[in-house]
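Here the structure is laid out as structure tokens; the discussion comes afterwards.
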Amino acid sequence: MVIDLESVYRDLHTHPELGFAETRTAQVAAGHLRDLGLTVTTGVGGTGVVGVLENGEGPVVALRADMDGLPVEERTGLDYASTVRAVGPDGTDVPVMHACGHDMHVTCLLGAVEDLVTRRGTWSGTLVAVVQPAEELVAGAQAMVDDGLVERFPKPDVVLGQHVAPLPAGIVGLRPGPTMAGSDSVTVTFHGRGGHGSRPQTTVDPLLTACHAVVRLQSIVSRESEPGEIVVVSVGAIHAGSADNVVPAEATLSINVRTVSDQSRTRVLTAVRRIVEAEAAAAGMTTPPTVVESKHAPATINDEAATARVRATFVETFGEHAVIDPGTVTGSEDVGAIATAAGAPLVFWFFGGADPAAFAAAAAAGTLDSDIPSNHSPFFAPVVQPTLDVGVAALSAAAREWFAR
């Protein structure tokens with residue numbers, strides 16, 4: 001069997017699905033894995049797919065790809081652009097797009113598995129293909145673990161994964177140690193006293209307090225973090241009130257924190273709580289704010305020895321010029337939950353998806369941020385080739401580095 005990977009990619013791009021609702025995507029992936037001769041289990045951790053190929057004695061190598069889309073309206077203008085709409089977790093109708101490249105990840109995984117099946121006479125061991133739901137919710141990896149990923153299936157000796165990025169297509173980037181930041185979501189609700197907008201003296205305005213807090217929270221990075229330390233604090237949403245002449249009784253902030261160490265995480269989350277409680281007290285609120293820490297993804301930490309092995313393989317496969325250290329990325333991933341549960345080393349890398357000529361022109365003009373769409377942009381659209389071929393080759397080469405020969 002030869003999979004038409006470009007057709008698979010375009011099909012997945014046209015039909016994105018939100019986290020834990022990836023039924024069609026899972027069906028497509030499971031069908032191809034079965035056709036390649038793997039033993040396939042669906043419904044793992046909700047919609048996750050696990051394919052296993054036993055090929056003699058040797059290490060167990062897990063290849064992981066995520067498959068969920070985002071509530072983003074696509075504006076790429078591609079002839080295979082998504083026009084899908086779906087009901088989001090909060091019950092609202094939203095557009096859906098593969099704005100983070102998970103369609104590319106699934107397609108590359110299928111291509112790598114096909115390559116490994118074709119080469120099965122050259123390696124020995126057990127291949128575990130993991131197609132994971134709900135990475136964008138930082139919940140899918142843990143859901144699969146909770147559903148017995150490392151107990152019901154062969155326990156990995158190494159976990160390998162990759163992510164398409166706004167680097168030039170043909171480039172592969174990896175580094176040992178902290179590779180992607182950890183992420184925490186914090187919701188803060190200020191409890192004021194509402195009233196008529198014409199008589200603010202009778203109120204305790206939670207919206208004004210929230211605005212002060214938004215500004216003060218930025219001092220965690222600018223005044224409480226060491227220069228050069230990777231810390232990001234972003235307030236993504238404020239919800240308060242419904243009329244211009246009413247001071248609301250409550251105001252809510254949605255805060256996102258990115259850190260790369262447990263020490264930084266503890267310090268920053270403690271500072272968030274200290275600041276919002278102090279602002280509430282300064283405003284005269286008699287009820288402390290409600291602070292809820294919800295979604296958490298640990299920092300993605302690459303095993304140093306394992307990463308050195310994979311990097312050497314990439315240099316041999318693509319050439320020294322094509323393998324870079326991209327630095328620590330402040331985006332987050334939940335793939336580490338699988339490696340942690342298995343007690344196995346993790347190697348996670350990036351591969352470029354931007355048109356090389358366009359990237360070079362933007363770099364020369366100093367306009368990379370504005371001219372090269374990044375992940376989560378409505379304009380994010382990796383060039384199909386050589387992105388796809390490089391992603392397949394990287395995943396297959398990394399796997400073969402670990403299998404017995």
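Some points to look at:
- Farthest positive-ward along the chain dipole, Cα basis, beta-carbon charges - from Thr252, Val145, Pro166: Thr252
- Largest to smallest accessible area among Cys108, Cys211 [probe 1.4 Å]: Cys211, Cys108
- Compared with the direct C-alpha span, the chain from Thr92 to Phe379 gains 101.0 nm at full extension, assuming 0.36 nm per residue.
- Computed from Cα positions, the angle between helix 262-282 and the longest principal axis of the chain comes to roughly 20 degrees.
- Only the Cβ atoms of Lys and Arg (+1) and of Asp and Glu (-1) were treated as charged; on that basis the dipole of the chain about its Cα centre amounts to roughly 660 debye.
- Basic side chains Lys and Arg get +1 at the Cβ, acidic Asp and Glu get -1 at the Cβ, and with that the dipole of the range 182-297 about its Cα centre reaches some 80 debye.
- Each part gets one Cα centre, and for the range 64-120 versus the range 139-169 those centres are 16 Å apart.
- Residue-averaged 222 nm ellipticity for the chain, from DSSP H runs of 4+ at -39500 (n - 2.57), nearest 500: -10500 deg cm²/dmol
- Average projection, convex hull of the Cα set of the range 182-297: 7.0 square nanometres.
- Take Thr122: with every protein chain present and a 1.4 Å probe, its accessible area is about 90 Å².
- Viscosity 0.890 mPa s, 25 °C: Kirkwood-radius Stokes-Einstein D of the chain over Cα pairs, µm²/s: 109
- Taking the range 182-297 and dividing mean pair separation by its residue count, relative contact order in percent (alpha carbons under 8 Å, at least six apart): 44
- With contacts taken as Cα pairs under 8 Å and at least 6 residues apart, the range 50-169 reaches a relative contact order of 43 percent.
- When all protein chains stay in place and ligands, DNA and RNA are ignored, the 1.4 Å accessible-area order of Arg311, Arg274, Arg175, Arg75, largest first, is Arg75, Arg274, Arg311, Arg175.
- Residue order for His15, His196 - accessible surface, 1.4 angstrom probe, largest first: His196, His15
- Dipole of the range 51-134 [Lys/Arg +1, Asp/Glu -1 at C-beta], most positive-end residue of His105, Pro59, Val131: Pro59
- Pair Leu368, Thr286: separation of 7 Å Cα→Cβ label points (nm): 5.5
- The chain: relative contact order in percent, alpha carbon pairs under 8 Å with at least 6 residues between: 24
- Cα shape, the range 211-362, gyration tensor, a/c 1.5 rule: prolate
- Check: the range 312-399 dipole with +1 on Lys, Arg Cβ and -1 on Asp, Glu Cβ, in debye: 100
- Solvent-accessible surface (1.4 angstrom probe) belonging to Val235, in square angstrom, nearest 10: 40
- Comparing Leu18, Phe190, Ala306 along the charge dipole axis of the chain, the residue lying farthest to the positive side is Phe190, per the Cβ-charge model.
- When a 1.4 Å probe is rolled over the protein heavy atoms, the share of accessible surface on the range 182-297 that falls to carbon and sulfur comes to 52 percent.
- In degrees, nearest ten, helix 23-35 long axis to first principal axis of the chain (Cα): 20
The values are calculated or read from the model by the stated rules, or taken from the named source; none is laboratory data. In this text the structure is predicted, and so the values were computed from the model without any measurement. Cβ: placed from backbone, ideal geometry, glycine included. Neighbour counts: every protein chain shown. Remember, those area values only see protein heavy atoms, side chains included, never the ligands or the DNA or RNA. Shrake-Rupley method; radii C 1.70, N 1.55, O 1.52, S 1.80 Å.
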